[in-house]
Amino acid sequence: MLSVSGALAVMASAPAMAKDVVKIAFIGPLTGGVSAIGLGGRNSADLAVRLRNADPKSKYTYELVTQDDECRPNVGVQVATKVASDRGIVAGVTHFCSAVAMGTVGVYNRFGMPAVVWGAVLPEITYGNNFKEIHRVNGTMINQSEVAAKFMTGLGYKKWAIIHDTTDYGKGHNKYFSDFLKKNGGTVLGTFGVTADQQDFTTELTKIRELKPDVVYFGGLTPLGVRIRTQMDKLGIKAQFEGTSGIKSDAYIQGVGKELAEGSLAFIEGAPWEKLPGGLFFTGKYSQQKYGEPPEAYGPFAFAATNLIIDAVEKVGPDRKKVRDVLNKTRDADTIIGKVTFDDHRQNVVPLVTKYVVEDGQWTIWEDSSYGKGKKKLAGL
């Protein structure tokens, strides 16, 4: 019979009991024109998993199951169905592209899998239905559009030409921005819808040049924005270029070049995470992992979404319904993007929108830029 001291020695030498593995899905555009955003989101979700697995207090070992939705609705529905039908996956961090997110909300509802959207901004994703499985940590294009319209008219701009893609995403930006612009005294001289895969914009931009707007507002994603901004320059259009969160990517600057990107504007819902204590923690840990791609604009949202799911699992275990119910009750949760509180449609109540301008080849918070400090002027001012 072992003595007490002998038993303690055996226990000390025994390996730690293995933790149960809990799978969480990440879905985003890992290939295609907006893959930079998707890869940054994937890496950020992966970072959340790695940090939690390194925490000895964690009850489980977490595994990230990654899927590429290609920013295409039909592909998104396929991978969402694959993930949601796998009962071994407790929840998902899902989608940057609004058209994809709109196509998949019914899938997650049907299979009872909680999903936290990390980038798609179309309001109807959360407000179009009352699916208790669907949550969103980032804000909506309503937030973006209201701030953008007030900001730009406040700078003194009067006349806009709007060019947008004809997906739900682009049409939504056109609708909300136009409405807020008119409320703030701006004038829309012309509106032009273009397809997401369109290459030549000579017809639209020639008409825009004739209208002589102060600002060209673009509602769409980076690949289209690069083509439009480049062709604006070739046609001699000197108007200020204003984009949505869809162009707030290093890929936009790389695509149009440092000189042409200078002064471009974008608006991101949420506090400037770069200045929050959690944001500094995130960037430091992200750098340590030596990922091959930067986190991009929505990486912090993917990181926050993953942590909210993990926190719920730690609290109630890997049960979809219980995790869903915990997420639904999220109030004032501390994250790297600030406090997260879900309203009655599980939409994060975003208190502000951050304004960004390209300066010297990088996206800079407006207030920190030479433009914001009055040392540089945007086009037409």
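The values are calculated or read from the model by the stated rules, or taken from the named source; none is laboratory data. This one's a predicted model, so the numbers in the text were calculated from it and none came from an experiment. Heads up, the Cβs are rebuilt from the backbone with ideal geometry, glycines too, and the neighbour counts pull from every protein chain shown. Calculation scope for accessible area: heavy atoms of the full protein, side chains included, ligands and nucleic acids excluded. Shrake-Rupley method; radii C 1.70, N 1.55, O 1.52, S 1.80 Å.
Tabulated data
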| item | result |
| --- | --- |
| Cβ pairs under 7 Å, 6+ apart, first in region 224-238 and under 11 Å from Tyr252 (Cβ atoms), second charged (D, E, K, R) and open to solvent by less than 40 Å² (accessible area, probe 1.4 Å) | Leu224/Asp165 |
| Qualifying residue in region 300-307 (condition: open to solvent by 20 Å² or more (accessible area, probe 1.4 Å), in contact with a strand residue (DSSP E or B) (Cβ under 9 Å, 6 or more places away or on another chain) and farther than 21 Å from Gln144 by Cα) | yes |
| Close pairs (7 angstrom Cβ cut-off, 6 or more residues apart or separate chains): more than 14 Å from Ala305 (Cβ to Cβ) in region 41-62, open to solvent by less than 40 Å² (accessible area, probe 1.4 Å) and not in a helix (DSSP H, G or I) anywhere | Asn53/Tyr62; Tyr60/Val22 |
| Failed item in (1) in the same structural domain as Gln198 (by the TED database); (2) touching a helix residue (DSSP H, G or I) at 6+ places or on another chain (Cβ under 9 Å); (3) in contact (Cβ under 8 Å) with a residue 40 or more places away in the chain, with Gly243 passing the rest | (3) |
| Some residue of region 223-242 being assigned to a helix (DSSP H, G or I), closer than 18 Å to Tyr356 by Cβ, open to solvent by 10 Å² or more (accessible area, probe 1.4 Å) and at pLDDT 95 or above | yes |
| Members of region 344-381 found to be within 19 Å of the chain's Cα centre (by Cα) and open to solvent by 40 Å² or more (accessible area, probe 1.4 Å), listed by number | His345, Val349, Pro351, Leu352, Gln362 |
| Number of the condition not met by Ser249 [criteria: (1) in the same structural domain as Thr31 (by the TED database); (2) open to solvent by less than 20 Å² (accessible area, probe 1.4 Å); (3) among the polar types (S, T, N, Q)] | (1) |
| Among residues of region 129-142, those that are open to solvent by 10 Å² or more (accessible area, probe 1.4 Å) and under 25 Å from Phe26 (Cα atoms), counted | 5 |
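For (1) in contact with a Cys (Cβ under 7 Å, 6 or more places away or on another chain); (2) assigned by the TED database to the domain that holds Ile228; (3) without any contact (Cβ under 8 Å) to a residue 24 or more places away in the chain; (4) open to solvent by less than 60 Å² (accessible area, probe 1.4 Å), each residue gets a yes or a no:
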{"position": "Ala148", "(1), (2), (3), (4)": "no, yes, no, yes"}
{"position": "Gly172", "(1), (2), (3), (4)": "no, yes, no, yes"}
{"position": "Asp179", "(1), (2), (3), (4)": "no, yes, no, no"}
{"position": "Val188", "(1), (2), (3), (4)": "no, yes, no, yes"}
{"position": "Gly193", "(1), (2), (3), (4)": "no, yes, no, yes"}
{"position": "Asp197", "(1), (2), (3), (4)": "no, yes, yes, no"}
{"position": "Thr206", "(1), (2), (3), (4)": "no, yes, no, yes"}
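This table checks each residue for (1) in contact with a Gly (Cβ under 9 Å, 6 or more places away or on another chain); (2) not in a loop (DSSP other than H, G, I, E, B).
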position: Gln144; (1), (2): no, yes
position: Phe151; (1), (2): no, yes
position: His173; (1), (2): yes, yes
position: Leu181; (1), (2): no, yes
position: Leu189; (1), (2): no, yes
position: Gln198; (1), (2): no, no
